[in-house]
1. Please calculate the 1.4 Å probe accessible area of C610, with all protein chains present, and give it to the nearest 10 Å².
2. Using modelled amide H (1.01 Å from N, peptide plane; none on Pro or chain starts), what sits under 5 Å from the amide H of G926, excluding residues fewer than 5 places away?
3. Please compute the length gained on full extension between T75 and V222, using 0.36 nm multiplied by the number of residues separating them and subtracting their Cα-Cα distance.
4. Sketch the reach of a paramagnetic label on D210 as a point 7 Å from Cα along Cα-to-Cβ, and name the residues of the stretch 182-197 whose backbone nitrogen lies under 20 Å away.
5. If I model a spin label as a point 7 Å beyond the Cα along the Cα-Cβ vector, how far apart are those points for S914 and Q701 in nm?
6. Using only Cα atoms, find the angle between the long axis of helix 387-402 and the longest principal axis of the chain, and express it within 0 to 90 degrees, rounded to the nearest 10.
7. I'd like to know which of Q448, Q647, L288 lies farthest towards the positive end of the charge dipole of the chain, counting +1 on Cβ of Lys and Arg and -1 on Cβ of Asp and Glu.
8. Given a 1.4 Å probe and the protein chains all in place, what does the accessible area of S181 round to, in Å² to the nearest 10?
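The values are calculated or read from the model by the stated rules, or taken from the named source; none is laboratory data. From a predicted model like this one, the values you see are computed outputs, not experimental measurements. Virtual Cβ from ideal backbone geometry, glycine too; neighbours counted across all protein chains shown. In case anyone asks, the SASA skips ligands and DNA or RNA and just uses the protein heavy atoms, side chains included. Shrake-Rupley method; radii C 1.70, N 1.55, O 1.52, S 1.80 Å.
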Amino acid sequence: MGLYEYLVDFMVLVYALCLGAEIHYTSLNRSEPAWVRPMEIGFCVMFGVDLLIRFCLEGRLFFMGSRRWWNLLDTLSLTMLIVALLEGSRTLGNLSAFVRVGRILRLARCLWTFKNALAKWTHLRQLRVLITSMTESTKIMIWLVLLVLSFNYVYGLVLTESIWTSCPNVHTPVLCEKFGSLLSTMMTLYQIQYSGLLWGTLWDEVAALDWYFPAAFLSYIVFALMILVNTITSFICSLQGTVSKRERDLLIDNEMEYNERLVRQLYTIFQDFDQNGNGAISWAEFQLALEDERMHAFLAALELDMSDAVKVFQILASDKTGAIEESDFLLGCLRLRGGATAVDMVRIQMEQEWIHSALLQMKGLMQKTAKDLAAVQFTLAAQESVRPTSHFSRQKTSVVADGARDGDDTASDSSVEVLHHYQRTNLKTFERAVTVEELSGILDELPQVCHGWKDAHTGDVISEKKLNLYQFNYHYIMPKTAPQEGVLLQWPASCAKGLKALPKAGQEVCQRCSGMALPKARATVLRAQLEVEDDVEKLNVWVCLLRGHFVNMSSEVLFDEEDELPASDMSVIARNSISYKELLSSEACLPVWYCTHWWGEPLHSFILCCQEHAILRRLGSSASYWVCGYANRQHELDLEIAEDVIQTSFFAALRASRGLLLILDENATPFSRIWCDYELYSAVMNPSMELDIAATIQGEQQEEARILSKNVIPGESAVAKSAREQDFPIFLLDRGLQVCLEKGSATRESDKISILQSIAQSRELLSDEGKERLEKNLLRANQTLHSTLAVLAWPQAMHKNLLPKHSKGLHSGMLNVCDALVNDSFRQSLDLSLAHFEETCVDSVVKTLAESLPSSLVKLKLSFEDCVRLTDLSLQALTSRFQQLKLQQLYLDFVGCKNLTDAGLILLAKVLHSSSIFELELHFAGCVRLHSTGILALQEKLPTSLRSFKASFKGTSINRNFRDLIDFKEYKVPRQ
């Protein structure tokens, strides 16, 4: 409610006090004081003007709105005031007195206003509950009055009819007076009900009457005093309890509303602090904001003490970014409000106790470790003399283990219980994404299933941490997803003539392959028989797969190491198989992210990247990733991979995903695989698709995942993105900068041909038209891939002095990001942040960047916030390049670049004047050497095509920001 309403209600209170003084004076002196009539005329005029103002503002709502009853009450009280002025002689007697006193009806509105105002004062809660209870009781007063009147009316009829015929009577004069008429009877009953008359004083005369009158009288006493009155009283008490509960809910709602309003205010403050709108507040921006006295006053009103700006910034700023993120600012300010609470003090005490306990445990652990080390040292010294014998024993054990021929594998299989259920579903392949929770479950299960596994090619024992998808597929996925009825191996009947006998159930069958330490496939025979199909006799052998999978190739299939059949004549039929995802779950799971990776990367690293990615993207445990090795039915790949790439399961999953996650191993192998390159190219060419690149590094204690993202992640500032990506192993992108799609390798040559046909958008690659289209599209694909990776690598390449085109004073490096960027003749937009690289972002770097800008750019966004070593040479290099571009949208951020002067801004203004830019955003806040000369030049030389403009010049000579073009044009820049 506004101040105007409070002022009107205050005048109503003043009028009520004056009316009381008037009546008191008149009752004592039998005449009105001289000041009464002028006072009433003044109040009448004031209340009339108030009513007229509200009628003009509300219009029809004056009679129909939510305040219509209050308007009616005000109109009635004003009417009474006017009547009292016109009827000053009191000729109307009692009615005149009623009219004059009725003018204070307006006090009810004051009471309502006072109740609403109390809602903001929590320490007056009891008074507010009392007033609300009275208000609620007033609402039901009409029903209570009707109930009491109805009750008294019924008994009044009975009692009056019983006594009026015997009146007047000298023996019962009191009864005749009290019950002689219906009205007198009802009044008597009302007095008895509410202690206005003691019913015992009437009993002597009542007892002398006939029996039915005392009986009726006593029944009224019992019902009225014991039931009706107590019921009404209990109802009023319960109403007060309801009001108290409602008041508690109101307090909660008010507190929540206050917190929401406070958060909105803090968000507005954050936007005012954030001069360049990049989602983070740097130290320069924080200092600029606190120079505004209005901001100090506003923060003080929110109970935020900003007197020590350095400490406040250190508390709110992130350790990784050195800037204040939006979420950190909001939560930090809410915690900093007011003084420390008892909860804060108890929490600090508990944390100190926990630290003390942890230190004691660490001390005990270190002492125990020291004792263990001493014991180990003593044991090693004691065993020094028997080392040759131990070596011989180990060698002998190794020979025995090697001669067991996968015995460890077989043993481990018998001890592992079934972890999944075989269930073939009708899910489409792109609906078989795996969740992060399921991926984590794979890691949890690996220790139970991979004991004793060996690499199929080398024969080396596989450790849990090094197990890759090739090995997991060989030992687990292929056997577990094979058809339950078995895999059918089929030969022409002529091949069976060389067998001593048909294979029998339980026989071991394996396919040996040169260059592999373990069999290509190993299984046991379920059954075998000669059958005639299409008038051709064939040998059909059904096997239960134990390892790997059988393939038609130049090798031999052995039965118990005795009989053999040629694998080149073998047909492998494995219908009704399932995918690994179907082992995990039978429910459809649409992909959120598409994973492209090399199967040779350790599963532990792959899953770690997915887990970290889900955390970074705030996807939760239900985040879903499409992984070809888990989604495809490995026994039926001919059905999953069509000749046309667009018809494959890969493309369907990629199209259904929101983004692509490229996971690189330590050799960046995916860049050499044509499938991975094509998937990466598809994501880059789709502007609505996100792209993230993940890799693992060895941390201080364990392996850690690092992620590059093409765009800023929602909820993350550009500053946080830059800080997060600094630890990414940048050398992995070097191989990506050398990618040529046409040189990528593929497991099957037909896959490579299909991908090239998709890129060329033509199936005739050997025709002149097909060759021309393929060459053109490959050029665009390669350039787009290279420039995208160059933009991702640029900040680190600069920070680590790896830019190959540095000016003097900087060293040449390996990453040719400059050529990769400038050679992209198809790139139209570029968004690059080099903010907060205070030491490494210098003029020569900006010059190199300017020379590397593609000529096809129409949209450019560059951020150099807090790059304090930049001078006007940087602006000169950029403006020189801008003259050669046809930019339409430009964003430049030089917040905190203290060495920029008017000369650089004038150069920029001259170039902008001749450009065709229609959207311009410039941020020079904190550039203390900028004066009105440069800003005036910018104002006078804005592009004629400009439609949208935004700029920040806080901390310069004009110390002002501009929200739009009109605001900037109308501002009168002071001339020096």
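1. 0 Å²
2. Long-range HN contacts for G926: G896, K954, G955, T956.
3. On the way: separation 147, 0.36 × 147 = 52.92 nm, distance 4.58 nm.
Stretched out fully, the T75 to V222 stretch lengthens by 48.3 nm.
4. The answer is 182, 185, whose backbone nitrogens lie closer than 20 Å to the label point.
5. Inter-label distance under the simple model: 6.2 nm.
6. On a 0 to 90 degree scale, this one is about 90.
7. Positive-most Cα among the choices belongs to L288.
8. About 50 Å², rounded to the nearest 10.
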